[in-house]
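I have placed the structure first, in the form of structure tokens, so that the comments after it can refer back to it.
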Amino acid sequence: MTNATVKRLAIRTAFILTALAVIPAVNAQEIVLGQIGPFTVLPVPDAPEINQGIKAYVNEANKQGIRGRKISFFEADDRYSADGFVEQFKKALEKKPLVLLSPIGSNALKRMLDDKLLDNADVLVMNAIPGAESFRAPGHPKLFHIRAGDKQQIEKMVTHSRTIGMTRLSVLYQDLPIGTSGMAVAQEAAGRSAGLELKGVKSAPDAPALATASQQIVALGGQGVLILGAPRFMAEGVAALRKAGVSQSIFVLSYVPSGLIVKLAGPEGARGVGIAQTYPNPNGRTLPIHRDFEAAMKGSFPQLKQYTSFHLEGYLSARTVAEALKRNTEKEPTAAGLAKTLRTMGEIDFGGFRVDFSKSNIGSNFVDIAVIGSDGKLRY
């Protein structure tokens with residue numbers, strides 16, 4: 001073998017080794033997901049619990065990876081303000097996330113749409129909270145929702161009220177998009193429920209305003225009360241209504257934790273309050289989704305003994321994105337490509353909870369009502 005031949009072989013070998021070294025690096029490029037949410041200021045654990053659910057799924061998925069890639073996940077605190085959300089959104093884009101999961105807050109979501117933040121960003125948003133109709137119709141092509149919206153929750157509770165024999169239902173609603181648009185939905189639903197009269201009282205979130213509004217609710221003489229607003233408003237609304245002497249059934253949207261109602265209204269005041277549920281019982285044992293979710297949570301957070309709907313929501317948000325990524329055919333996934341995959345992949349059954357974006361950007365219409373028992377726990 002001549003020196004020239006040896007030299008050519010050495011060069012060729014070096015080239016092959018270099019190429020082989022590059023291929024794993026490309027395949028190993030991480031898929032970046034992020035969460036911008038109110039980890040401080042908002043006095044309920046929504047964002048941290050959603051965060052734990054996301055991490056539980058991400059850790060489970062990374063045991064095998066998705067199409068040869070690992071998921072990288074980060075979170076950012078928007079301090080429960082629209083300005084904070086815009087600030088963190090711009091910073092988040094520097095990390096090149098493919099998807100942002102479960103942003104929280106009417107003001108943040110309104111600002112995201114008003115400022116057209118998604119128009120020029122190659123990022124998709126999966127599962128926004130709350131589910132006010134103003135964020136869904138028309139919404140945005142890159143904004144997807146897993147949970148059933150406020151419309152479905154309110155319609156369920158209004159219909160339930162009529163089903164159990166009510167003819168007069170009162171509504172205490174916050175002067176905020178989630179409250180005002182929710183009141184409009186409640187009026188429409190009542191109009192379709194023959195024999196149900198519905199009247200509402202609008203209130204600011206401060207204690208004096210809630211006390212005054214509660215007295216007005218008492219004067220209406222309804223057989224039940226539906227409260228619409230931010231989580232804290234709804235929980236404090238329950239306490240204010242009970243203090244004003246309302247003993248009738250009270251219903252709230254899915255965003256308020258039962259523990260917060262118990263804390264503010266006391267065990268007796270909380271007993272019998274109905275809370276809309278947009279996911280199956282997170283502590284159930286009968287469905288395949290229960291087993292998958294529990295295994296993931298135990299693997300990442302063994303110290304937790306009870307799970308909330310927000311834990312399950314975070315888990316399902318991340319798992320839905322992963323299912324779309326498995327079906328996406330792009331060499332380098334993009335927000336537009338992933339959105340197309342979500343709309344064309346049909347119904348996905350997670351073992352008792354189904355998601356289907358083929359008709360709209362709203363994946364689920366699942367709504368149940370759980371009631372707080374005398375022990376402060378939800379009864380499904």
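The values are calculated or read from the model by the stated rules, or taken from the named source; none is laboratory data. Just so it is clear, the structure is predicted and the values come from calculations on it, not from any experiment. Backbone-built Cβ (ideal geometry, glycine too); neighbour counts: all protein chains shown.
Within the range 112-130, restricting attention to residues that are without any contact (Cβ under 8 Å) to a residue 40 or more places away in the chain and part of a loop (DSSP other than H, G, I, E, B), which residue is nearest to the chain's Cα centre (by Cα)? Working first, answer last.
At the first step, the residues of the range 112-130 found to be without any contact (Cβ under 8 Å) to a residue 40 or more places away in the chain are 112-120, 125, 128.
Pick out the ones that are also part of a loop (DSSP other than H, G, I, E, B) and you get 115-120, 128.
Numbers: Asp115: 21, Lys116: 21, Leu117: 19, Leu118: 18, Asp119: 22, Asn120: 24, Ala128: 5 Å.
Checked the range 112-130; the qualifying residue nearest to the chain's Cα centre (by Cα) is Ala128.
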**OP:** Evaluate the range 163-170: report whether one residue or more is of a type in the set (S, T, N, Q), out of contact with any Cys (no Cβ under 6 Å at 6 or more places or on another chain), assigned by TED's automatic domain parsing to the domain that holds Ala213 and without any contact (Cβ under 8 Å) to a residue 12 or more places away in the chain.
**Re:** yes
Original post:
Here are some conditions: (1) more than 27 Å from Ile104 (Cβ to Cβ); (2) not assigned by TED's automatic domain parsing to the domain that holds Gly182. Val218 meets all but one. Which one does it not meet?
Top reply: (2)
Original post:
So Glu236 clears everything in (1) of a type in the set (D, E, K, R); (2) within 18 Å of Pro177 (Cβ to Cβ); (3) surrounded by 16 or more Cβ atoms within 10 Å (Cβ to Cβ) except one condition, right? Which one?
Top reply: (2)
Original post:
So, in the range 312-332, of the ones that are without any contact (Cβ under 8 Å) to a residue 24 or more places away in the chain and loosely packed, with under 14 Cβ neighbours inside 10 Å, which residue ends up nearest to Val99 (Cα to Cα)?
Top reply: Glu332
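When you look at Phe89, is it aromatic (Phe, Trp, Tyr) and part of a strand (DSSP E or B), yes or no? It would help to see each step written out before you state the result.
Details: aromatic (Phe, Trp, Tyr): yes; part of a strand (DSSP E or B): no.
Taking the combined requirement at face value, the residue does not satisfy it.
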Original post:
So Arg291 clears everything in (1) in contact with a helix residue (DSSP H, G or I) (Cβ under 8 Å, 6 or more places away or on another chain); (2) not assigned by TED's automatic domain parsing to the domain that holds Leu169 except one condition, right? Which one?
Top reply: (1)
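For the range 37-55, indicate whether the set of residues that are among the hydroxyl-bearing types (Ser, Thr, Tyr) and crowded, with 22+ Cβ neighbours inside 10 Å is non-empty.
At the first step, the residues of the range 37-55 found to be among the hydroxyl-bearing types (Ser, Thr, Tyr) are 40.
Checking which are crowded, with 22+ Cβ neighbours inside 10 Å leaves us with none.
Checked the range 37-55: no residue is among the hydroxyl-bearing types (Ser, Thr, Tyr) and crowded, with 22+ Cβ neighbours inside 10 Å.
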Original post:
Do we find a residue being outside any helix (DSSP H, G or I), within 21 Å of Asp368 (Cβ to Cβ) and of a type in the set (S, T, N, Q) anywhere in the range 152-169?
Top reply: no
**OP:** Determine the pairs where a residue that is within 25 Å of Pro130 (Cβ to Cβ), located within the range 285-311, has a partner that is crowded, with 16+ Cβ neighbours inside 10 Å and among the β-branched types (Val, Ile, Thr) with Cβ atoms under 8 Å apart, the partner being 6 or more residues away or on another chain.
**Re:** Ser309/Thr278; Phe310/Ile50; His311/Ile50
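Kindly indicate the residue of the range 75-107 that is under 17 Å from the mean Cα position of the chain (by Cα) and among the aromatic types (Phe, Trp, Tyr) and also surrounded by the most Cβ atoms within 10 Å (Cβ to Cβ) among those meeting that condition.
Of the range 75-107, the ones under 17 Å from the mean Cα position of the chain (by Cα) are 75-78, 80, 85, 99-107.
Cutting the leftovers down to among the aromatic types (Phe, Trp, Tyr) gives us 80, 85.
Working: Tyr80: 20, Phe85: 29.
Top of the filtered list is Phe85.
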Original post:
Do any residues in the range 57-81 that are free of Cβ contacts under 8 Å to residues at least 12 places away in the same chain have Cβ atoms under 6 Å from those of residues that are among the β-branched types (Val, Ile, Thr), where the two are at least six apart or on different chains, and which pairs are they?
Top reply: Asn62/Ile71
**OP:** May I ask you to list pairs of residues, at least six apart or on different chains, whose Cβ atoms are under 7 Å apart, with the first in the range 338-366 being over 13 Å from Asn127 (Cβ atoms) and assigned by TED's automatic domain parsing to the domain that holds Leu124 and the second being acidic (Asp, Glu) and not in a loop (DSSP other than H, G, I, E, B)?
**Re:** Ile348/Glu323; Gly351/Asp292
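Tell me, which helices (runs of 4 or more DSSP H) wholly within the range 268-349 include 1 or more residues that are among the aromatic types (Phe, Trp, Tyr)? Break it down stepwise before answering.
Working: elements: 288-300, 309-327, 335-344.
Hits in the range 268-349: 288-300, 309-327.
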